[in-house]
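What follows is a set of notes on a single structure, which appears directly below.
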Amino acid sequence: MRLLVTDTTWNIAGLAHAMGKEGFYITEAASGGEVLEYASSAEQNAILLDPDLPDMKASDLVAQLRAGHPRMVIVVASRRVDDALRRSFMARGADEVIEWPCKPIEIAARLRAYIRRACGFAHPVLETGPLSVDVDARSVHWGDMPLHLTRLEYELVEMLVLRAGGMVSREQIMLQLYAWQDEPDPKIIDVYICRIRAKLAAIGAAEDVMVTAFGQGVRIPALTPMRKHKAA
């Protein structure tokens, strides 16, 4: 999952570092204007804001983000949180206002829960047929068999499953995995897809788990459950 963070204070910089250690990919923005630009042109699963912005009121930024991205997860982090602050930001469209510092594992769990619910998943284990993705453990299984993936391979599978069968372009995948930072050749996406398919085939998965369409992208369609053989 990719997290867009306002890198405007040491407070939020520490939180961004902590979320990176919890498994999120981090995109840093130096101002409210950059947040709006990245939110409109890049793949983000959630936005984490510090109220101290150099170019606009944070509450106005939240309102603009919510108007343009109704399903986006928006969380405000502040060193001092009271009822008035929480009420103000949530009235403008924030999903949560958290007091930082607190336990990073708790913040990460909240963010993952908000993100999967925004995508329509009620449970932390995302399932489509025999394929399951545990977003808390960051693990993938085919039936009872674990699928051993690299971090980038896992991120790609998680992204596709969160799209619930929707087609995802290679450009969207590049933005999710790299967000303009040290981007390799886009053909690397084909390498990842081939590796994931090979690993799926090695544990008995069907060939149509990952479907590609020329010029459109790749998707994981809604899969049918595995048939259980009855005992003779």
Tally of residues being in a loop (DSSP other than H, G, I, E, B) and either modelled with pLDDT of 90 or more or surrounded by 22 or more Cβ atoms within 10 Å (Cβ to Cβ) (or both) across segment 53-79: 9
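Out of Val161, Val133, I need the residue that is closer than 23 Å to Ala205 by Cα and in contact with a Ser or Thr (Cβ under 7 Å, 6 or more places away or on another chain). Which one?
Numbers: Val133 fails: in contact with a Ser or Thr (Cβ under 7 Å, 6 or more places away or on another chain).
Criteria check complete, one pass: Val161.
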Strands (runs of 3 or more DSSP E) (entirely within segment 1-51) containing at least 1 residues that are of a type in the set (Lys, Arg) and open to solvent by less than 30 Å² (accessible area, probe 1.4 Å): 2-6
Counted residues, segment 91-115 - those being of a type in the set (A, V, I, L, M), open to solvent by 30 Å² or more (accessible area, probe 1.4 Å) and either modelled with pLDDT of 95 or more or touching a Lys or Arg at 6+ places or on another chain (Cβ under 7 Å) (or both): 1
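I'm trying to understand the selection: among the residues of segment 127-139, which are surrounded by fewer than 21 Cβ atoms within 10 Å (Cβ to Cβ), assigned to a strand (DSSP E or B) and either without any contact (Cβ under 8 Å) to a residue 60 or more places away in the chain or touching a strand residue (DSSP E or B) at 6+ places or on another chain (Cβ under 9 Å) (or both)? Let's see the steps before the verdict.
Here is the first cut: in segment 127-139, the residues surrounded by fewer than 21 Cβ atoms within 10 Å (Cβ to Cβ) are 127-130, 132, 134, 136-139.
After this cut, where a residue has to be assigned to a strand (DSSP E or B) as well, the list is 127-128, 132, 134, 139.
Glu127, Ser132, Asp134, Ser139, listed by residue number.
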Selection count, segment 140-161, where residues are touching a Phe, Trp or Tyr at 6+ places or on another chain (Cβ under 8 Å) and either part of a strand (DSSP E or B) or in contact (Cβ under 8 Å) with a residue 60 or more places away in the chain (or both): 2
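The values are calculated or read from the model by the stated rules, or taken from the named source; none is laboratory data. As the structure is a computational prediction, the values presented were derived from the model and not from experiment. For neighbour counting, all protein chains shown are included, and Cβ atoms are generated from backbone atoms with ideal geometry for every residue, glycine included. Areas reflect the complete protein model, heavy atoms only, side chains present, ligands, DNA and RNA absent. Shrake-Rupley method; radii C 1.70, N 1.55, O 1.52, S 1.80 Å.
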